[in-house]
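Engineer: What follows is a single structure, and I will ask about it in a moment.
The values are calculated or read from the model by the stated rules, or taken from the named source; none is laboratory data. If you're wondering where the values come from, they're calculated on a predicted model, not measured in any experiment. In this analysis, Cβ positions are derived from the backbone assuming ideal geometry, glycine residues included, and neighbour counts consider all displayed protein chains.
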Amino acid sequence: MTITITAFEQSPDRGRGLARDMRVRWALEEVGQPYDVRLVSFQEMREPAYRALHPFGQIPAYQEGDLALFESGAIIFHLAERHAGLLPNDANARARAITWMFAALNTVEPPIVSREAAILLEGDKPWQAERAPMLEKNVRVRLEDLSRRLGDADWLDGAFSAGDLMMVSVLRRPAGASFLPDYPNLAAYVARGEARPAYQRAFADQLAVFNAANKPGHSV
Ligand SMILES: N[C@@H](CCC(=O)N[C@@H](CS)C(=O)NCC(=O)O)C(=O)O
């Protein structure tokens with residue numbers, strides 16, 4: 001069954017692999033599933049046909065036969081459930097890996113996204129100077145705890161899992177990654193994730209989309 005995911009036709013991240021199709025591409029590469037990518041414009045994402053696929057008009061959306069999914073976490077969980085390579089077989093270890101997926105999305109990503117939004121969208125607001133230290137502290141609290149928990153292990157719970165894929169993806173966001181030098185074990189953890197061949201293939205593919213769309217003479 002052909003798998004198709006959606007991605008930005010023109011990614012605002014300029015090919016840095018920060019849009020959330022990157023984590024889905026990475027998961028697909030880890031489990032060895034070929035896939036197609038349908039590039040969508042911001043205009044198309046607002047249209048009813050796309051909203052039928054993704055109710056919030058975002059990327060990534062996922063189609064596999066008559067199955068349509070949205071939310072990067074749900075898509076990666078679906079892939080990890082159906083293909084070997086992202087979740088351990090042992091039931092308890094599997095539950096713990098899933099827990100780390102949720103922790104990445106629900107506990108670590110939100111303060112990073114809040115800081116990112118403040119930097120990108122509210123940088124000129126008068127309250128920004130007062131608010132910035134609190135937003136930074138909220139990110140650092142999570143990084144501190146995660147760093148303590150990871151210790152000198154390679155991955156969060158035994159072998160690499162979907163939990164690590166999601167956590168590394170979240171930690172790569174600049175509003176958190178800018179602090180990683182203060183947490184060397186987390187910096188090394190992210191580098192380990194980025195060194196995986198599946199990550200490298202996914203990164204190259206999303207970068208190729210950006211480069212093709214920005215070739216001189218190309219018009220979208
Ligand atoms: N919780 C969603 C978030 C999806 C999301 O925020 N996608 C961004 C790109 S990374 C997007 O489509 N932004 C455009 C918009 O929201 O209009 C997920 O994990 O899939």
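Engineer: If a residue has to be at positive phi and within 13 Å of the ligand (Cβ to nearest atom) to count, how many in the range 66-85 make the cut? Lay out the reasoning, then the answer.
Structural biologist: So in the range 66-85, the residues at positive phi come out as 71, 85.
Within this subset, residues satisfying the condition of being within 13 Å of the ligand (Cβ to nearest atom) are 71.
Number of matching residues: 1.
Engineer: I'd like to know if the range 195-210 contains one or more residues that are touching a residue at least 40 places away in the same chain (Cβ under 8 Å) and closer than 16 Å to residue 141 by Cα.
Structural biologist: No: zero hits.
Engineer: If I go through the range 93-104 residue by residue, how many of them are among the aliphatic types (A, V, I, L, M), touching a residue at least 60 places away in the same chain (Cβ under 8 Å) and away from the ligand (no atom under 16 Å from the Cβ)? Even if it seems obvious, please write down each step before you answer.
Structural biologist: Step one: list which residues in the range 93-104 are among the aliphatic types (A, V, I, L, M), which gives 93, 95, 97-98, 101, 103-104.
Okay, now just the ones that are also touching a residue at least 60 places away in the same chain (Cβ under 8 Å), so 93, 97-98, 101, 103-104.
Retained after the next criterion (residues that are away from the ligand (no atom under 16 Å from the Cβ)): 93, 97.
Summing the residues that are among the aliphatic types (A, V, I, L, M), touching a residue at least 60 places away in the same chain (Cβ under 8 Å) and away from the ligand (no atom under 16 Å from the Cβ) in the range 93-104 gives 2.
Engineer: Residues to consider are 19, 104, 95; find the one that is out of contact with any Leu (no Cβ under 9 Å at 6 or more places or on another chain), over 18 Å from residue 7 (Cβ atoms) and among the hydrophobic types (A, V, I, L, M, F, W, C).
Structural biologist: Details: 19 fails: over 18 Å from residue 7 (Cβ atoms); 104 fails: out of contact with any Leu (no Cβ under 9 Å at 6 or more places or on another chain).
So the residue among 19, 104, 95 that is out of contact with any Leu (no Cβ under 9 Å at 6 or more places or on another chain), over 18 Å from residue 7 (Cβ atoms) and among the hydrophobic types (A, V, I, L, M, F, W, C) is 95.
Engineer: Follow-up question, since we're still on this one. Can you go through 115, 94, 148, 131 and tell me which one is buried (at least 16 other Cβ atoms within 10 Å of the Cβ) and more than 17 Å from the chain's Cα centre (by Cα)? Spell out how you get there, then give the answer.
Structural biologist: Working: 115 fails: more than 17 Å from the chain's Cα centre (by Cα); 148 fails: buried (at least 16 other Cβ atoms within 10 Å of the Cβ); 131 fails: buried (at least 16 other Cβ atoms within 10 Å of the Cβ).
Unique residue meeting the criteria: 94.
Engineer: So is residue 187 without any contact (Cβ under 8 Å) to a residue 12 or more places away in the chain, in the same structural domain as residue 115 (by TED's automatic domain parsing) and under 17 Å from the mean Cα position of the chain (by Cα) or not? Steps first, answer last, please.
Structural biologist: Details: without any contact (Cβ under 8 Å) to a residue 12 or more places away in the chain: yes; in the same structural domain as residue 115 (by TED's automatic domain parsing): yes; under 17 Å from the mean Cα position of the chain (by Cα): yes.
Yes, satisfied.
Engineer: So which residues in the range 1-17 are part of a loop (DSSP other than H, G, I, E, B) and within 15 Å of the ligand (Cβ to nearest atom)? Steps first, answer last, please.
Structural biologist: Let us first name the residues in the range 1-17 that are part of a loop (DSSP other than H, G, I, E, B), namely 1-2, 9-17.
Listed by number, the residues that qualify are 9, 10, 11, 12, 13, 14, 15, 16, 17.
Engineer: Now for a separate question. Among residues belonging to the range 18-35 that are within 20 Å of residue 213 (Cβ to Cβ) and away from the ligand (no atom under 11 Å from the Cβ), point out the one that is surrounded by the most Cβ atoms within 10 Å (Cβ to Cβ). Reasoning before the result, please.
Structural biologist: From the range 18-35, those within 20 Å of residue 213 (Cβ to Cβ) are 18-22, 24-25, 35; that's our starting set.
With the extra rule that they be away from the ligand (no atom under 11 Å from the Cβ), the set shrinks to 25, 35.
Working: 25: 25, 35: 17.
Checking each candidate, the answer is 25.
Listed here are the residues, each with its yes/no results for (1) touching a residue at least 40 places away in the same chain (Cβ under 8 Å); (2) within 9 Å of the ligand (Cβ to nearest atom).
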| residue | (1), (2) |
| --- | --- |
| 37 | yes, no |
| 49 | no, no |
| 59 | yes, yes |
| 64 | yes, no |
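Engineer: Quick check, is residue 90 within 16 Å of the ligand (Cβ to nearest atom) and of a type in the set (Asp, Glu)?
Structural biologist: no
Engineer: So, residue 65, is that one of a type outside the set (Ser, Thr, Tyr), modelled with pLDDT of 95 or more and surrounded by 17 or more Cβ atoms within 10 Å (Cβ to Cβ) or not? Show your work before the answer.
Structural biologist: On the way: of a type outside the set (Ser, Thr, Tyr): yes; modelled with pLDDT of 95 or more: yes; surrounded by 17 or more Cβ atoms within 10 Å (Cβ to Cβ): no.
Spelling it out, it is not the case that residue 65 is of a type outside the set (Ser, Thr, Tyr), modelled with pLDDT of 95 or more and surrounded by 17 or more Cβ atoms within 10 Å (Cβ to Cβ).
Engineer: Also, quick follow-up: In the range 39-57, which residues are surrounded by 15 or more Cβ atoms within 10 Å (Cβ to Cβ) and out of contact with any strand residue (DSSP E or B) (no Cβ under 7 Å at 6 or more places or on another chain)?
Structural biologist: Initial filter on the range 39-57 (surrounded by 15 or more Cβ atoms within 10 Å (Cβ to Cβ)): 39-40, 45, 50, 53-54, 57.
Within the range 39-57, 45, 57 qualify.
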